[in-house]
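Undergrad: Got a structure here, written out as structure tokens. Questions coming.
The values are calculated or read from the model by the stated rules, or taken from the named source; none is laboratory data. Quick caveat: nothing in here was measured; it's all calculated off a predicted structure. Positions of Cβ are backbone-derived with ideal geometry, glycine not excepted, and every protein chain shown enters the neighbour counts. Ligands, DNA and RNA are stripped out before the accessible areas are found, and what is left, the full protein with its side chains, is counted by its heavy atoms. Shrake-Rupley method; radii C 1.70, N 1.55, O 1.52, S 1.80 Å.
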Amino acid sequence: MAMEITQFLLAAQSADAKVRTEAEARLRQFQEQNMPVFLLSLSVELSNDDKPVESRRLAGIVLKNSLDAKDAIRKEQLVQQWMAIDISIKSQIKETLLRTLGSSVPEARHTAAQVIAKIASIEIPRKQWPELIGSLLNNMTQQDKPAALKQATLEALGYVCEEISHQDLVQDEVNAVLTAVVQGMNLAEHGPEVRLAATKALYNALEFAQTNFENEMERNYIMKVVCDTAMSKEVEIRQAAFECLVAIASAYYEVLEPYMQTLFQLTSNAVKGDEETVALQAIEFWSSICDEEIELQEFESPESGDSGPPHSGFIEKALPSLVPLLLETLLKQEEDQDQDDTIWNISMAGGTCLGLVARTVGDAIVPLVMPFVESNILKQDWCCREAATYAFGSILEGPTVEKLSPLVQAGLDFLLNTMKDGNNHVKDTTAWTLSRIFELLHSPASGFSIISPENLKRVVGVLLESIKDAPNVAEKVCGAIYYLVQGYDDAGPSASLLSPYLTDIISCLISTADRTDGGDSKLRSSAYETLNEVVRCSNIAETSSVIAQLLPVIMNKLGQTMDIQIVSSDDREKQGDLQASLCGVLQVIIQKLSSTDETKTIILQAADQIMLLFLKVFGCRSSTVHEEAMLAIGALAYATGSQFEKYMPEFYKYLEMGLQNFEEYQVCGITVGVVGDICRALDDKVLPYCDGIMGLLLKDLASSELHRSVKPPIFSCFGDIALAIGEHFEKYVPYALPMMQGAAEICAKMETADEEMVDYGNQLRRSIFEAYSGILQGFKTVKPDVMLPYAQHLLKFIELVSRDNQRDESVTKAAVAVMGDLADALGSNIKLLLKECLFYDEFLCECLRSDDEQLKETAGWTQGMIQRVMVL
């Protein structure tokens, strides 16, 4: 029996904090005492047209939040909670919600549609609520049903399709849903509200329509209705129809050929003359077609022997009309778009699409774009100059170096001069174009660069002058410097070309990071990211003194952040962001200076002060800082080696905190990595801390709350710990090895159709092999027999992986290496086991045929180890 909760729902929204708190407490009490009746009461409140709108609204929100949550663990708890409710109460709730679809209040109908979908997402995959689709369709097929009910029903159908998988419905249900939705789009029969709801529902139902799109007659009908709807007189309906076309372009590219002429006409008219919301979707349609063709070009070769593209070539065929259409959009900029990163308008969409077209067709785009660039680049109107520059920057990826090189050679000087243009937009886009040129056409390491030793001085001079410009321009200039220095990384003798400019570049970047006119911290973050790249790519032999001088500057800045006045959470966040950036710079400096014996002493001398700073940063307790400071400590541990031991007593508590940080799982993952760094640095000196660390790692693995991405690094970390402490790892074997075996069994049962799960499975398998390798090597000279009981399970796991064609290269390397470690550590003890194994000869032969030299070398070593065992 439902409770009367109206007064509490209203009081919970009171302006009086005391009244509000009391009401919230009472609602919580109802919820805890009798959850099923509480949910039923909420559904009754939502359905009752005599109740106030405010109480109904809150009832709907609480009901929705009782069924779903963003956090996966919380969501699973809510699912279990719903499943445990008595079936008769659940039925009452569902019937009440279905009735609410006919409410006279639009907001109540809308909320009921959402809640129905949330319940469907729990029940339909479990083969419950089989009558739902039928009940909803019934509302659509009966002529006398009011339009408001039909609109809410279509909304519910759309939300249900969004929440469930296409495997959850049988084809008859899919056909019935699509029929109802497509009929709901019919202009002759329905008003705009119903048609809009139907069009949005179709968007969510498209994933279910695979079979229908394979049938030409059904496909023709769906496409005709969508194309007709894209010409409706209501803007919102046109936009929703174009959103459907974008989704169709991605999902059903291979059957679009007969409709492309109509679709070009539709999209072209929308881009030229429709409202911006519609035009943006029309451009997005062509971007989706490009995405499909780029993917097909990258992953599929032509079936037959001809050299044509492995797709329908829609972009190539449309090129002569499509490129001019997109170029026109570039002239539709907004006055302040360069000041706001969140703006997305027709000129930006057009430029993005133009870039995708360039990647799809390559050289063929250049002659279609260059006349536009040449005719607009010198015009008085800034819009023309900016559009010309944007067009040029957009086509730099896709065409060949041979095609672009002469154009960029000719245009570089012009672009450098344009950094003094009177218009902020033009300078912003020019700086972006320069960064694209340096990213894509400046690679001395591979033998080609648009920048010669002669013009480098001018390039650097212009960039260091322009970095003083408005914040948005300066940020793009940071990007240009970033790619300029990156080009010289690993570039042999060419790397020296940049060394003379390093002091000035570093000095300008630090001044830029100190600017206060940026409004937000974006410019500062960009300046520090660029500084990191400058340090990382510098030629250490020539620039060690410059980087050594930078170290105390950054340490000093980090020290000053401790004195920032913290009044609000905003201040705390700003302090955290700044500390994160500075810890990032210190990490790169530590890595750079510790990469040679000559310069490592600089880090060793400063290590005490650096570590003290990091510990102070931890004291500020911001999670982003934790992350960056942890990473930097990992670098410091690597640099200082066994000397890091003296910092462990003070640092250990933060290590523990990091390993227990389930909520910010990235912090936990990074901390696991740092444990590995510390093991490699300290070897057996890490032993006093191992009980605590292993206890936390095992707890992390057993937890259902911790994000799964942290679990593979934990297994790898077992290997690092075992390598460091050798025979002392024995006491952890009874706990760690069953965990590893359990994870290996999970790998065997993993879903292989889901790309994300395949990636995760590969990470997990590699990390299990790495753990075994570390443990086997750790025991090898002292107690190899400890691992004998686990050898058979490991060999079975390797065999299973060897037969999986979805394994990636890193998994193969780890599997081959661990097989060698097993033979090396256990010797003649596993001779019988190896004799029974029939798979490894074939597996090793496959690896020995690989193009990867490292894999071949490992396979050769493993083969030698196994042969040694077999002759013993």
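Undergrad: Using a 1.4 Å probe and counting only protein heavy atoms, arrange ASP852, ASP563 so the residue with the most accessible area comes first.
TA: Most to least solvent-accessible, the answer reads ASP563, ASP852.
Undergrad: If we count every other residue with Cβ under 11 angstrom of ALA282's Cβ, Lys/Arg +1 and Asp/Glu -1, where does the sum land?
TA: -3
Undergrad: Can you pull the one-decimal nm distance between simple spin-label points at GLU663 and GLU234, each 7 Å off the Cα toward Cβ?
TA: It works out to 4.3 nm between the two label points.
Undergrad: Please report the net charge: other residues with Cβ closer than 14 Å to the Cβ of LEU551, K and R +1, D and E -1.
TA: Local charge sum for LEU551: +2.
Undergrad: Working out 0.36 nm times the residue gap between GLU650 and SER507, then minus their Cα-Cα distance, what length gain in nm do you get to one decimal?
TA: Details: separation 143, 0.36 × 143 = 51.48 nm, distance 3.45 nm.
Net length gain for the segment: 48.0 nm.
Undergrad: Another one. What net charge do the residues around CYS383 carry, taking every other residue with its C-beta under 11 Å from that of CYS383, with Lys and Arg at +1 and Asp and Glu at -1?
TA: -1
Undergrad: Kindly report, to the nearest 10 Å², the accessible surface of THR21 as traced by a 1.4 Å probe over protein heavy atoms only.
TA: 80 Å²
Undergrad: Could you give the size of the charge dipole of the range 524-653 about its Cα centre, using +1 on the Cβ of each K and R and -1 on the Cβ of each D and E, expressed in debye and rounded to the nearest 20? List each step's numbers first, then the result.
TA: Working: 11 positive and 15 negative charges, 31 e Å.
Value, rounded to 20: 140 debye.
Undergrad: Can you sort LYS94, LYS685 by solvent-accessible area, 1.4 Å probe, largest first?
TA: From most exposed to least exposed: LYS685, LYS94.
Undergrad: Between PHE448 and residues 5 or more places away or on another chain, which pairs have amide H atoms under 5 Å apart, with H built 1.01 Å from N, and which residues are they?
TA: SER443
Undergrad: Between LYS457 and GLU95, how many nm apart are label points set 7 Å from Cα along the C-beta direction?
TA: About 8.9 nm, to one decimal.
Undergrad: Estimate the FRET efficiency between ILE61 and TYR221 by the formula 1/(1 + (r/R0)^6), using the beta-carbon distance for r and 45 Å for R0, to the nearest 0.05.
TA: Efficiency, from the Cβ-Cβ distance: 0.70.
Undergrad: Same structure again: Using the Cα centre of the range 789-869 as origin and beta-carbon charges of +1 (Lys, Arg) and -1 (Asp, Glu), tell me which of ILE866, GLN854, ALA815 is placed farthest towards the positive end of the dipole.
TA: Working it through, the farthest residue towards the positive pole turns out to be ILE866.
Undergrad: Which order do ARG56, ARG536, ARG385 take when ranked by solvent-accessible area (1.4 Å probe, heavy atoms of all protein chains), largest first?
TA: Accessible-area ranking of ARG56, ARG536, ARG385, largest first: ARG536, ARG385, ARG56.
Undergrad: For the chain, with only Lys/Arg (+1) and Asp/Glu (-1) charged at the beta-carbon, what is the dipole magnitude about the Cα centre, in debye rounded to 20?
TA: 1620 debye
Undergrad: Under 19 Å from a point 7 Å along the Cα-to-Cβ line of SER703: which residues of the range 732-752 have their amide N that close?
TA: Once the point is set 7 Å along Cα→Cβ of SER703, 736, 739-740, 743 turn out to lie under 19 Å by backbone N, inside the range 732-752.
Undergrad: How large is the accessible surface of SER828 in square angstrom, using a 1.4 angstrom probe and rounding to the nearest 10?
TA: Here the residue's solvent-accessible area equals roughly 70 Å².
Undergrad: Roughly speaking, to the nearest percent, how much of the chain's 1.4 Å accessible area is carbon and sulfur? Show your work: numbers first, answer last.
TA: Details: 19610 of 39090 Å².
Carbon and sulfur atoms account for 50 percent of the accessible area of the chain.
Undergrad: Next up: Could you give the DSSP H helices of the chain that reach 30 angstrom or more along their long axis (alpha carbon positions) and whose average Kyte-Doolittle hydropathy is no lower than 0.5?
TA: 540-561, 597-619
Undergrad: Moving on to the next point. Lys/Arg Cβ at +1, Asp/Glu Cβ at -1, dipole of the chain taken about the Cα centre: which of VAL62, TYR203, LEU698 is farthest positive-ward?
TA: The one lying farthest along the dipole's positive direction is LEU698.
Undergrad: Kindly identify the range 154-271 as rounded, prolate or oblate by the Cα gyration tensor criterion: order the square roots of the eigenvalues as a ≥ b ≥ c, call it rounded if a/c is under 1.5, otherwise compare a/b with b/c, prolate if a/b is larger, else oblate.
TA: It is oblate, given that a/c is not under 1.5 and a/b is not larger than b/c.
Undergrad: Please work out how much length the chain gains when fully extended from GLU32 to LYS317, using 0.36 nm per residue of separation minus the C-alpha to C-alpha distance, in nm with one decimal.
TA: 96.2 nm
Undergrad: Additional query: Would you please give the FRET efficiency between ASP381 and ASP413, computed as 1/(1 + (r/R0)^6) with r the Cβ-Cβ distance and R0 = 25 Å, to the nearest 0.05?
TA: Efficiency, rounded to the nearest 0.05: 0.65.
Undergrad: Report the FRET efficiency, 1/(1 + (r/R0)^6), for ARG680 and ALA69, where r is their Cβ-Cβ distance and R0 is 56 Å, rounded to 0.05.
TA: 0.90
Undergrad: Would you mind computing, in nm to one decimal, how far apart the modelled labels at ILE85 and ALA15 are, each placed 7 Å from Cα along Cα→Cβ?
TA: Here the modelled spin labels are 3.5 nm apart.
Undergrad: Could you compute how much accessible surface LYS813 exposes when probed at 1.4 Å, giving the result in Å² to the nearest 10?
TA: Its heavy atoms expose roughly 50 Å² to the probe.
Undergrad: Quick check: residue separation of LYS272 and SER810 times 0.36 nm, minus the Cα distance between them. What number comes out in nm? Before the final figure, lay out each step's value.
TA: Details: separation 538, 0.36 × 538 = 193.68 nm, distance 4.99 nm.
In short, 188.7 nm is gained.
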